[in-house]
1. Calculate how large, on average over all directions, the projected area of the Cα convex hull of the chain is; give the answer in nm² to one decimal.
2. For the range 51-144, what's the relative contact order in percent, using C-alpha pairs closer than 8 Å and at least 6 residues apart?
3. Looking only at L123, L83, L13, which one moves most when the chain is put into a Gaussian network model with springs between Cα atoms under 10 Å?
4. Give me L141, L24 sorted ascending by neighbouring Cβ count inside 10 Å, so fewest comes first.
5. Mind giving me the nanometre distance, one decimal, between the label points for R3 and D133, set 7 Å out from Cα along Cα→Cβ?
6. Lone cysteines in the chain, going by a 4.7 Å Cβ-Cβ cut-off?
7. Would you compute, from DSSP H runs of 4+ residues alone, the mean residue ellipticity of the chain at 222 nm, taking -39500 (n - 2.57) per run and dividing by the full residue count, rounded to the nearest 500?
Amino acid sequence: MMRAWILPVVLVLCGAVSAAGMVLAGNPGAAAVVIVLFVAFAGVNSPLIFPRSVGALEAQRRSEADGRPVVFWRPGCAYCLRLRMRLGRRARRLHWVDIWRDPAGAAVVRAANDGDETVPTVLVAGRPYVNPDPAWVREQLSRSA
């Protein structure tokens, strides 16, 4: 769980150091802008922007019951962030599994990707799709509704 927060913490620390340097140089306005930008970027790269994760076994059980896709992701993944942003509010209807928090989820992803932890991997009706187009995921979600 801790490694999911490494990038956001480093971003905030870098922003704080940069802002402190700007304040010492006499630019408090620019320092405020820099710290806000770094904090915003840290927030986007944190687990907070993603829906609540469940375990892989629970997500697969729920998916079998309601037909919704399961998304395996990890914090800091640009492709996962792209999928999350392009899905918008619909993302909350999917079952999300953070592979850094769930070893069973990481095992599912490795099994689908020849041993690699390539994410996002989307499981639809028990079949894995690696880094699918967000429009295709929306279509799969609308089919399950």
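1. Projected area, direction-averaged: 9.2 nm².
2. Reported as a whole number, the value is 36 percent.
3. The residue that fluctuates most here is L13.
4. With the sparsest Cβ surroundings first, the list reads L24, L141.
5. 3.3
6. C14
7. Helices in the chain give a 222 nm mean residue ellipticity of -17000 deg cm²/dmol.
A short reminder: the numbers here are calculations on the coordinates, not readings from a lab. None of the values given here were measured: they were computed from a predicted structure. Reconstructed Cβ throughout: ideal geometry from the backbone, glycine too, with neighbour counts over all protein chains shown.
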